[in-house]
Structure formats: C-alpha cells, structure tokens
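Engineer: Supplied in structure tokens, the structure appears directly below.
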2 protein chains.
Amino acid sequence: MRATLMYGSGDVRVEDVPDARIEQPTDALVRLTAACICGSDLHPYHSMDPASGPVHMGHEGIGVVEDTGSDVTTVTKGDLVVVPFAFSDGTCQFCREGLQVSCEHGGMWDDGRHPNIGLQAEATRVPLADGTVVKVPVAADSALIPSLLTLADVYGTGHHAAVRGGVGPGSTVTVIGDGAVGLLAVLSAKQLGAEQIILMGRHTARTDLGREFGATDVVAERGEEGIAAVRELTGGHGSHVVLEAVGHLPAYEQAYGIVRPGGTISRVGVPQYEDAPVGFASLFGKNVTLTGGPAPVRAYIEQLLPAILDGTVQPGRVFDTKLGLDQAADGYRAMDERRNLKVLLRP
Amino acid sequence: MRATLMYGSGDVRVEDVPDARIEQPTDALVRLTAACICGSDLHPYHSMDPASGPVHMGHEGIGVVEDTGSDVTTVTKGDLVVVPFAFSDGTCQFCREGLQVSCEHGGMWDDGRHPNIGLQAEATRVPLADGTVVKVPVAADSALIPSLLTLADVYGTGHHAAVRGGVGPGSTVTVIGDGAVGLLAVLSAKQLGAEQIILMGRHTARTDLGREFGATDVVAERGEEGIAAVRELTGGHGSHVVLEAVGHLPAYEQAYGIVRPGGTISRVGVPQYEDAPVGFASLFGKNVTLTGGPAPVRAYIEQLLPAILDGTVQPGRVFDTKLGLDQAADGYRAMDERRNLKVLLRP
C-alpha cells in the first residue's frame, strides 16, 4: 500500500510499504477515505533529524473499517469512522472523565512510540479501536467528509480551547492565530454563545473565513500594537477569554497582554517553549487563569457531530485544497510556505 | 499616635506619628482593636532599600470606626469593622464582579502609593470606606477578634485558593505550605467538601494545626521525594487540585509535579519569580490549569463570617502569639526566624 513517510526535515515521500493489518485483538484496520496535513506536522518538517526516520505521518483521518480484531465490539466491517489524533482505551479513569489524551494505555500517532502507523496512507492499523474511532452515519462519498474529518483534530481542538476557556453566552473572546485551529476556535466560541469574537490574524483570506465563522472583529496587528487594538475594542480592560492557537512565545505574551483581570487564557497551540512569564506582572497580579492542552477530541465527537450532519456548521471549509495522497510532499510544501491553510489528502 | 514604620530591611520601629484623620469624604477613621504581621511583610523586611523608607506597615486590621467622611453611608461611628488588605470603591465593574483587588479606583496598603497609612498602628485613615470595610456584629473585646481579623487577609486568601482551584465535594487537594495561608487553605478546602487534603509542610506544630483544620495526610518531604509521596497517597496519578501558598519557584515546581492530568494549580503565595515552566512537560501536556492571584477578600467576608460567629471554625488559631503594638519589631523578628507562625498586635 502507499503511505507518507518523513525521512527528515523537508523530506516527505509517499512510498510502497507493507500492507497494514490487524496485530492486536483490539485493533481495527481502516481504509482511509480522507486524511490531511496538520500544522503540527510542520514541526518535524522543519527540524526532524534524519537519524530518527523514516516515520509514518498523519494523525487525522476518516475511513471505512475493513477488518477488526476479535475484541472489537463497537464498529464492524463497512462502518465509516472518524479516527482521532490520539488513541485511547475508553475504559480507564481518564477516558471515563473525558480526558482521553491522558489515557493510561493510549497514545498518539506522533508520540514517537508508533513510527510504523500513520493516517496519511491508503490504510492503517488503529490501536484500541473501541475507545478510539467513532462511527458516523454517512456514506464514504458524502459531501460532508471534509467537515467530518475536522472532528479528528482541528475542530475538536478549537472546541477544547473554547470549553476550557469557559466561553459562554455574553463572553468577549479573542482568538490568536488564523490557522485551522484558530478559525475553528472562532466557530466554537460562536456556537457557545460568545458575544464578541476578535480574531487576531493577518491573512485576509483566512480572517475572511473567520468572519463567516463568527468573528465580529479582526485585528491584523501583533505585539504591543495588537494588544492596544484589542484593549480598545474591549472597552479598555481586555478580553474575558483568550484562545491561543499558535504555540509560539510571542502569541503567549500577546495573550496575557490582552486578557482582562480575572479572565482566562486557553492554549491549544502546542507550546514551542517551556518557560514563560507567569508571575505578578503577567498572570498572578490580574488573577488570570491559564488553561488548555492537547484536546481530548474523542470526547467531543458525538457532541459536535449533529451540527455537521444537519449543515448548521461547515468546519470543513478550512480545507482550501485537496490533493491525491501521492502529492503529499506538495501539500507539506504548500502549507509550510503558507500558500494553503490546510491540505486534505485523498488516498 | 503610635504606628509601625519600616526604615529598611530588618529595621522596624514603632514611633509617634501625626494622628490619622479624615482627608477625603469617602474616608473612615478607624481605631485598631487588633492588627497583625503578614508573611508578605517579611519581603520588605528582607530587602527594603532605606532610600525608599520609612513607610507605614500593616494591611490587616479590625477596629472601631471613630469618624467618617461626608460621603460614607454604610458604616458609622462605633461600628466594629474588618479592614481588608485592599481598598475598593465597591461600585466599578470589577467590584461588582467580586474582583475588588482589580478595582478601577482602589489600591493596596502596600502598593507603594500609600506610604503614610498602615494598619499596624493605633488608628488609620481607610480610603473608600463604603466599598472596603465590613461591619461585624460583635463587641471590640470579643473572644472572636483573632478569627475575625483573619478575614482581612489570610482566611480570605486561603479560601480564594480553594475557590479558584475548584475544590468541591470529593476533591483530592494538596496544600503546599504550612504558613497561615496554607493552613487556612486546608480549612477552606475542608469547608468546601474536599475528601482528601494533603498538607505539605515540615513544622510539626503547624502541620498538627493543619490536621485539626482538616488535613488527612501530612507530607514533610520536598522536591522529588515530596512529589513521590503525594503520588503514592493519590493512587499514582496525583492531586486534582494543588493550592500553592508559598510563592517560591520550588513550590511551583512541586505543584506541577503532583497535579493530576486535567487538574488545577491555584496559587495564592505571591510569586517571587516571573518566568517558570508552562510548556508541554509541565502544564500543557497534562491539560493542567494554573489559576489564582491576590484574593478579593472583601468579596468573601460576608460568606465566611457566619461560621466564625457560630464557632464552627476558628481560623484565629493561626495566631500563636499576641504582642503589644510597641513590640512589633520583636514580632517581625519572631516571624522571620520562624519562631512564630503569625503575630497578632494589640495597639
């Protein structure tokens, strides 16, 4: 079968690899209908040491179950399923609490412990299928596939930002970042009832989509100018909630500059830093709450599904190009050069 | 009148100063029944530059209203009132939300902008009296005075830690620090229904009082050993809530070491650091929430008062010595040398 492998920074290849197959009684074999490239795939694309490759790529997928291990009970051959970016047993205390990313027996496609499976491929073995995949009631050729695919990561991640941030009716929310997660954080904030949604981003095509998703204001400035602009838009005191969907330190610094006293910064951009300001001058003095982390997207799929199925929301609009699997390297390059927002791959 | 002044690090003097008097129509003149020395008073005691002194000291008090400005309506001559560590107008948007420490027109006794007023004195001018002081229905010679005095700071601060930490029925809570705030965080966690309360501290007299306040376990170890001990006490995964009542970086590092995935660190120890770990390895990867800040104790007084009045709780037990005002310098020394937990001063 064909699969996307990364050999090192900037070196992505689609190659023939041994066919995926069931290895554990809890596995499912899924033939991908669609997969995609994530902003976080660009981190190894920038920095991966060839000595640690090649690794199979891809952690967001939707596809048809082709076979299941003997222990799998919740899905069966022929089901169309969403495959989230983390796999989880569905039974441990963290899964039961809805924090599947901390599953005691689970993992992530990209955690370095599973280099031989990935979703940018024709098919894949999915570990812990019962606790991981979710059946969706549409056909594999449905026009809803792109939107359903976002349930594997970016929509659930944007939703997680808003939920952890405590967004509710009347909230003033600022979203930092106009990537797919930032735009879906806007959509999620809108769904949760936010009154004012300020999107900080400078790519007009993206911020225009953000406005369609619910942004009431767009701020293109960054740093001190961006902070001043948000303060002016929020009556001088800042934003109740800040959803940080970038992951770089300047975005974090912007976040505590614009958050209102007593407010919340919710991060879902994977931090590319470890130390940052948290003392009296940044968070403590203003009673600011810092929250967020990897999204337990598995916990949100059933909840977010109905509005996709009935057409209320179209999160799949974040895909601004669709390529064949064999063009995956072109897709990486296009996203890296910011020519494309998010690339869908059709195996 | 007599008042406590700090001239520089280690140099505390009780001296004759001009009598306190009404200056603004919103002021009250309060004659102190009791005041006390705070752990945070030890920061300038360690580091104050004589060039920036002398300053009046003290930000926790209870006393009798002796006079009021023409605009004051909520208290009158003869009322016994608690005077919190921050003053606030009671009418701005932050005060109405219960975040009086961010009052648009308020301030703190120790914020450097009010060097000529302080509560370690015979009397003081209290700015913004209507939004600041709270009348309590006991006599000035009541045995409840020490407990009521804790409403000015340390009890409200411990309560704030627990509230912001989301402590509720069934919570597993770890309190870092056996000072007055840490012990009253234990008491507050108990009042809010925590099931397991682990107190990290090494002064047996203090941790014994912590057990009486509700601690179910005491861990004397620090650092990696302390983290291992708490993990063992919590079934391996750590504590739902960590209340950090110290303010030094090692306490913060301990906090993220013992917090459970998805849990909360609530800080009320004023951070003596600005940068600290917040990335994937510390907070983000575990979906940990970091919260807390200066406590809006004014917001909590009415709520915490009944259990003091009816004897359900005795937070005043944190005062392990009572000195006359003229012995304030001895009190600073005793607290600095950790011979006393918290010193009450009687003017």
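Engineer: Counting each DSSP H run of 4 or more residues in the protein assembly as shown as -39500 (n - 2.57), what helix-only mean residue ellipticity at 222 nm follows after dividing by all residues, to the nearest 500 deg cm²/dmol?
Structural biologist: After summing the helix terms and dividing by residue count, I get -7500 deg cm²/dmol.
Engineer: Starting with the fewest neighbours, write out A:206, B:21, A:231 ranked by other beta-carbon atoms found within 10 Å of each beta-carbon.
Structural biologist: So the residues, fewest neighbours to most, are B:21, A:231, A:206.
Engineer: Relative contact order for chain B using alpha-carbon pairs under 8 Å, separation at least 6, rounded to a whole percent?
Structural biologist: Relative contact order for chain B comes out at 18 percent.
Engineer: When only alpha-carbon atoms count, how far does region B:158-292 stretch along each of its three principal axes, as whole angstroms with the largest first?
Structural biologist: Projected onto the principal axes, the Cα atoms of region B:158-292 cover 38, 29, 27 Å.
Engineer: Using alpha carbon centroids, what distance separates region A:7-79 and region B:216-250, in Å?
Structural biologist: Cα centroid to Cα centroid, the span is 39 Å.
Engineer: Then there's this: For peptide A:215-225, compute the average count of partner chain beta-carbon atoms within 10 Å of each residue's beta-carbon.
Structural biologist: 0
Engineer: Ranking B:27, A:89, A:330, B:16 by Cβ neighbours within 10 Å, fewest first, what do you get?
Structural biologist: B:16, A:330, A:89, B:27
Engineer: If every alpha-carbon in the protein assembly as shown counts as one equal scatterer, what log10 I(q)/I(0) does Debye give at q = 0.08 1/Å?
Structural biologist: At q = 0.08 Å⁻¹ the computed log10 ratios are -0.67.
Engineer: If you don't mind, there's one more thing I want to ask. For residue A:7, place a label point 7 Å from Cα along the Cα-to-Cβ direction in every copy; what are the distances to the other copies, in nm, shortest first?
Structural biologist: 7.7
Engineer: Hey, another quick one. If you take every DSSP beta bridge whose two residues both sit in the protein assembly as shown, what share of them, in percent to the nearest 5, is antiparallel?
Structural biologist: 55
Engineer: Still on this model: Could you work out the Rg to Rh ratio of chain B, with Rh taken as the Kirkwood radius (inverse of the mean 1/r over all Cα pairs)?
Structural biologist: 0.97
Engineer: Continuing with the same structure: Give me the Å³ per residue figure for the convex hull around the C-alpha atoms of region B:1-130.
Structural biologist: In region B:1-130, the Cα convex hull volume per residue is 102 Å³.
Engineer: Let me ask something additional. May I ask you to order B:113-122, A:6-15 by the average number of other C-beta atoms within 10 Å around their residues, highest value first?
Structural biologist: B:113-122, A:6-15
Engineer: Roughly speaking, what is the centre-to-centre gap between region B:315-339 and region A:133-153 when only Cα atoms are used, to the nearest Å?
Structural biologist: 67
Engineer: Shape verdict for region A:147-236, please, from the Cα gyration tensor: rounded (a/c under 1.5), prolate (a/b greater than b/c) or oblate.
Structural biologist: Since a/c reaches 1.5 but b/c is at least a/b, the shape of region A:147-236 is classed as oblate.
Engineer: What does the copy distance list look like for residue B:143, label position 7 Å along Cα→Cβ, in nm and ordered from shortest?
Structural biologist: 7.9
Engineer: Still on this structure: Per residue Cα convex hull volume for region A:168-216, in cubic angstrom?
Structural biologist: Per-residue hull volume (Cα only) is 51 Å³.
Engineer: May I ask you to report, in nm to one decimal and beginning with the shortest, the distances from residue A:311 to the same position in the other copies, taking label points 7 Å along Cα-to-Cβ?
Structural biologist: 7.1
Engineer: Span-like helices, chain A: DSSP H, alpha-carbon axial extent 18 Å or more, mean Kyte-Doolittle 0.5 or greater, which ones?
Structural biologist: none
Engineer: Quick one: order A:38, B:92 by neighbouring beta-carbon count within 10 Å, fewest to most.
Structural biologist: Least crowded to most crowded, the residues run B:92, A:38.
Engineer: Determine the percent antiparallel among the DSSP beta bridges restricted to chain A, to the nearest 5.
Structural biologist: Roughly 55 percent of the DSSP beta bridges within chain A come out antiparallel.
None of the figures in this text is laboratory data; all of them are computed from the coordinates on show. Being a predicted model, the structure only gives us computed values, none of them experimental. With ideal geometry, Cβ positions are generated from the backbone for all residues, glycine too; neighbour counts draw on all protein chains shown.
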